[in-house]
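Visitor: So that we are looking at the same thing, I have put the structure below in structure tokens.
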Amino acid sequence: MTDRVPDVLPVLSRGKHRSPKRGACFMEMASYLAGERWSDSPSCTHPLLAAVARAVNDHVSDAGRAAIAPLIPSVIGLTSDDARLDAELALVCARAALPVAAFERQRALAVGVLNAERVLAALEGLPVDHVCPASQAALAEAPDAARWAHGFADRAGRGLSVRGFRRHAAPSIVTLAVRGLAAACVPDPDERLHALLVEAVDAARRRAAVVPPPADAQRWQEACALTR
């Protein structure tokens, strides 16, 4: 992703806000730039991508939040009805967190990787046990959790529906992964969360097959002024 960093940035804050006077999060700024009603769940962005952005916004430091602000225009217009995008976004998050998350979270993240792979395999007509190289590499970095997850998946059966995954499992994976990254014993959680959001946006761009236009300069200035 090579979007130019704007000269002026909005001041983002955690959580949901009733109006710009009370603060603004990443997705609320996106809703304003898109010309939509003030909301942290605007229609201009895929719901799960918006969930990733909200979670990252809420779990980075103040400095990290300033660093993700230039990415706001990049999520506008990124939406798709293709269920594969939900699986891909869940995989982006679970794979990023699995190797570094605390042990108590790793099992659930490994199960998330396997479930997302199974949903994606079903949608693409691949063998049910297909696991892509990137997911194999992430699982290999947490071998105990991976072994447990494979056993759990076999015991639990393969009845996870695409609809159920999109509505329940995928959002849970995103939340767990972002929290796991934020709390991981690593020296660079902000950088990892920033990279996760960039990768999620890139995945949505590939699936939606669109490149959002740069933000209108005047609209961006207005958005920034709302938070200052």
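Visitor: Using the beta-carbon distance between ARG147 and ARG167 and R0 = 25 Å, what value does 1/(1 + (r/R0)^6) give for FRET efficiency, to the nearest 0.05?
Guide: In this case the efficiency is close to 0.30.
Visitor: In debye, nearest 20: dipole of the chain around its Cα centre with unit charges on the Cβ of K, R (+) and D, E (-)?
Guide: Approximately 660 debye in magnitude.
Visitor: Could you line up CYS25, CYS132, CYS185, CYS44 from fewest to most neighbouring Cβ atoms inside 10 Å?
Guide: CYS185, CYS132, CYS44, CYS25
Visitor: Post the alpha-carbon centroid distance, the range 140-210 to the range 39-117, in whole angstrom.
Guide: Cα centres, the range 140-210 to the range 39-117: 8 Å.
Visitor: Hey, rough spin-label estimate for ALA66 and THR175, points 7 angstrom out along Cα→Cβ, what's it come to in nanometres?
Guide: Between ALA66 and THR175, the simple spin-label model gives 3.1 nm.
Visitor: To the nearest 0.05, what FRET efficiency results for ASP81 and CYS185 with a Förster distance of 41 Å applied to their C-beta separation?
Guide: It comes out at approximately 0.55.
Visitor: Could you sort the peptides 83-93, 30-40 by per-residue average Cβ neighbour count (10 Å cutoff), highest mean leading?
Guide: Going from most to least packed, we get 83-93, 30-40.
Visitor: Under a point spin-label approximation (7 Å from Cα along Cα-to-Cβ), what is the ASP7-LYS21 distance to one decimal in nm?
Guide: Between ASP7 and LYS21, the label points sit 3.0 nm apart.
Visitor: Starting from the 7 Å offset along Cα-to-Cβ, what nm value, one decimal, do you get for the label separation of SER41 and ALA225?
Guide: According to this spin-label approximation, the distance is 3.1 nm.
Since every read-out is calculated from the coordinates, none of them should be taken as a lab result. These numbers come from a predicted model, not from an experiment. Counting neighbours? That spans all protein chains shown, and the Cβs are built from the backbone with ideal geometry, glycine included.
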